[in-house]
1. Could you work out the relative contact order of region 132-288, using alpha carbon pairs under 8 angstrom and six or more residues apart, expressed as a whole percent?
2. As an exercise, take the mean of 1/r over every pair of distinct alpha carbons in region 3-76, invert it, and state the Kirkwood radius in angstroms.
3. How do ASP49, ASP278 rank when sorted from fewest to most other Cβ atoms within 10 Å of their own Cβ?
4. Under the Karplus relation 6.51 cos²θ - 1.76 cosθ + 1.60, θ = phi - 60°, what is the ordered set of whole-Hz ³J(HN,Hα) values for region 46-62, x standing for Gly and Pro?
5. Take the Cα coordinates of region 105-239, assign each an equal point scatterer, and use the Debye formula without solvent to give log10 I(q)/I(0) at q = 0.11, 0.20, 0.21 Å⁻¹.
6. If I take every Cα pair under 8 Å that is 6 or more residues apart in the chain, average their sequence separation and divide by the length, what percent do I get for the relative contact order?
7. Per-residue ellipticity at 222 nm for the chain, helices alone: DSSP H runs ≥ 4 residues times -39500 (n - 2.57), over residue total, nearest 500 deg cm²/dmol?
8. What number, in percent, do you get for the relative contact order of region 34-187 if the mean sequence gap of Cα pairs under 8 Å and at least 6 apart is divided by its residue count?
Amino acid sequence: MDKSKVHALITLLDDPSEVVFNSVEEELLKEEVEVVIELEKAWEESRDDNFQRRLENIIHTLQLKDVKSLMAKWVNEGGKDLFYGSFLVAKYQYPDLNFEDLNNKINVLRRDIWLELNDHLTSLEKVRIINHVMFDMHQYVRNSSNFFAPQNSYISEVVDSKKGNPISLSIIYSVVAQRLGLPIYGVNLPKNFILCYIDENINLKSSDPHADNVMFYINPVNKGAILGRKEIEYFIKQQKLNNIHSYFNPCSNLDIIKRVLYNLSYAYENQGNELKKDEIKVLLNLFE
């Protein structure tokens, strides 16, 4: 970033000529997101509403471009880290969100569960400990009073408020479990998002190493209630859904974050916020 060039461009942002402004805006939008620091300083030093508004629009566009770039990289690399993917979704709304700060909060939950675990416990016993620590001690709950609110899809909001929707609670649950070495993964069930506990001792000849070796299911939105395959079949029948193989087996991290973004798009549509809805669509297009 050439600071002298950036400062010169900023001084021209209040030019009454639209031609000049458009040219300046175009140049600033070529810069990397680091230029936002200088733009924010200029905003703080100004009392001109029009100048501030122009700065705000440029800042937001640069930050959106940055999140889009990071998300594209994450998608292209196969979405290996679910937590980082959910962090990027939250970074869309909170550009200054710090990954390490958020990660440390997740690791507090992980540590508290780890202290209660030992190798002699069965899979069910380990899940019951996770449930006790996450839902009783840390008091994570479904946000029933504001279920369709956008904040239920932002992992930072969920970690701070301890309230979320099925998929955000499932993300936290599975991320913590996997950091503890437990094979708990998301299941992309329509109208509810749940988790499954994989029996890794079964050796199946399949392109998907986790296909059809689910021991049991977990419903984080109901304090980690344990479910069997029969309950999932009943739910599918009750909801008049087709009995699809993917409704019983683990989904990819890409599928999970894609669904988070769909939830966000729906939430903003409900609010009548077309701008936010369109910006989320930009991120969703990266998954196509």
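Rule-based calculations on the coordinates, nothing more; no lab input. A quick note: this is a predicted structure, and the numbers were derived from the prediction, not measured. Note that we place each Cβ from the backbone using ideal geometry, even for glycine, and neighbour counts take in every protein chain shown.
1. Working: 210 pairs, mean separation 30.6, N = 157.
Relative contact order of region 132-288: 19 percent.
2. Working: mean 1/r = 0.0781 Å⁻¹.
One decimal place: 12.8 Å for the Kirkwood radius.
3. On the way: ASP49 8, ASP278 11.
Result, fewest neighbours first: ASP49, ASP278.
4. 9, 10, 8, 4, 5, 4, 5, 4, 5, 4, 4, 5, 5, 4, 5, 5, 5
5. -0.39, -1.23, -1.32
6. The normalised contact order for the chain reaches 15 percent.
7. Value at 222 nm, helices only, nearest 500: -17000 deg cm²/dmol.
8. Worked out over region 34-187, it gives 19 percent.
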